[in-house]
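Peer 1: Take a look at the following structure, please.
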Amino acid sequence: MDTFPNAKPQSPGESAAAEHARRSVEEARASAQKVVSQGSEALHSRATRTREALIQRTDQAAHYVQEQPLKSLLMAAAAGATIALLAGALSRHHGHHGHS
C-alpha cells in the first residue's frame, strides 16, 4: 500500500521523522475534533437555556396581562406612543440634516 510507489526509500531517521509528523497531525486533528465537539455541545446547551428562559418570560408576561389587563394596555400604549415620538423625532432630525 505505497502512497508514492516511485519515491526513494527513506532512511531510518527520515522514517522516524515522518512517523512523528504523522502522529503529530493525528493528535492535532483529534484535538481539533474535541474542541469542535465541546463548542457544539456548549452552543446547544446555551441555546436550550435561552429558549427555556424565553418561554418562561413569555409565560410570565401572559400571566401578568391576564392579571392586570388595564395596566398592561396602558403600558403598551405608552410604549407605542414613546416609539412613535422617537421615530418622528429621528425622521425630522434626519430630514433636517439632509437639507443642509
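Peer 1: Angle, helix 69-98 long axis vs. longest principal axis of the chain, Cα atoms, 0 to 90°, nearest 10?
Peer 2: 80
Peer 1: To the nearest 500 deg cm²/dmol, what mean residue ellipticity at 222 nm is calculated for the chain from DSSP H runs of n ≥ 4 alone, each contributing -39,500 (n - 2.57), summed and divided by the residues?
Peer 2: Estimated from H runs of four or more residues: -32000 deg cm²/dmol.
Peer 1: Something else about it: With P(r) over Cα pairs in 10 Å bins from 0, in percent in mind, check [x] 11, 22, 36, 22, 7, 1, 0; [y] 11, 15, 13, 14, 13, 10, 9, 12, 2; [z] 16, 48, 26, 8, 2 and report the label derived from this structure.
Peer 2: Matching entry in [x] 11, 22, 36, 22, 7, 1, 0; [y] 11, 15, 13, 14, 13, 10, 9, 12, 2; [z] 16, 48, 26, 8, 2: [y].
Peer 1: Which of 31, 45, 15 moves most in a GNM of the chain, Cα contacts under 10 Å?
Peer 2: Comparing 31, 45, 15 in a Gaussian network model of the chain, the most mobile one is 15.
Peer 1: By how many degrees, between 0 and 90 and to the nearest 10, does the Cα long axis of helix 12-67 differ from the longest principal axis of the chain?
Peer 2: Roughly 20 degrees between the two axes.
Coordinate-derived values only; no laboratory data. Keep in mind it's a predicted model, so treat the numbers as computed, not measured.
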